[in-house]
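The values are calculated or read from the model by the stated rules, or taken from the named source; none is laboratory data. Just so you know, these numbers come straight off a predicted model, no measurement behind them. Cβ coordinates were reconstructed from backbone atoms using ideal geometry, including for glycine residues, and neighbour counts include every protein chain displayed.
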Amino acid sequence: TWGPGNDSCGKWTALNRENSPLHWTQKGWLSGWISAGENYLSEPGGHFRDVDADALFGWMDNYCQAHPMDSLPHAADQLISELVVSK
């Protein structure tokens, strides 16, 4: 994992709190990770809940607040598991 994907949930929360421009980079990374997850998981017949970006970012805010030591990829994978809906 490269770039913001190396960050921790603690950094996600801190950059969000500071309203840092770097937080937008993290959000872009998360959007790509989620898109890749959806594309990968759609192959075996699953699909994702229909949610918007604000819902995804809000979920990450809550998760990262509660789990500051988790990595962003781990948190994003937890989010993906919440989004998967089988056909």
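Just one of the numbered conditions (1) surrounded by 14 or more Cβ atoms within 10 Å (Cβ to Cβ); (2) modelled with pLDDT under 90 is not true of residue 59: (2). For beta carbons closer than 8 Å, sequence separation of 6+ or different chains, a first residue in the stretch 52-64 that is of a type in the set (D, E, K, R) and a second that is surrounded by 12 or more Cβ atoms within 10 Å (Cβ to Cβ) and at pLDDT 95 or above, the qualifying pairs are 61/12; 61/13; 61/16.
Residues are listed down the side, and each one gets a yes or a no for (1) surrounded by fewer than 16 Cβ atoms within 10 Å (Cβ to Cβ); (2) at pLDDT below 90; (3) farther than 17 Å from residue 5 by Cα:
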| site | (1), (2), (3) |
| --- | --- |
| 20 | yes, no, no |
| 43 | yes, yes, yes |
| 63 | no, no, no |
| 68 | yes, no, no |
| 71 | no, no, no |
| 75 | no, no, no |
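If you scan the stretch 1-18, which residues turn out to be surrounded by fewer than 18 Cβ atoms within 10 Å (Cβ to Cβ) and free of Cβ contacts under 8 Å to residues at least 24 places away in the same chain? Result: 2, 14, 17, 18.
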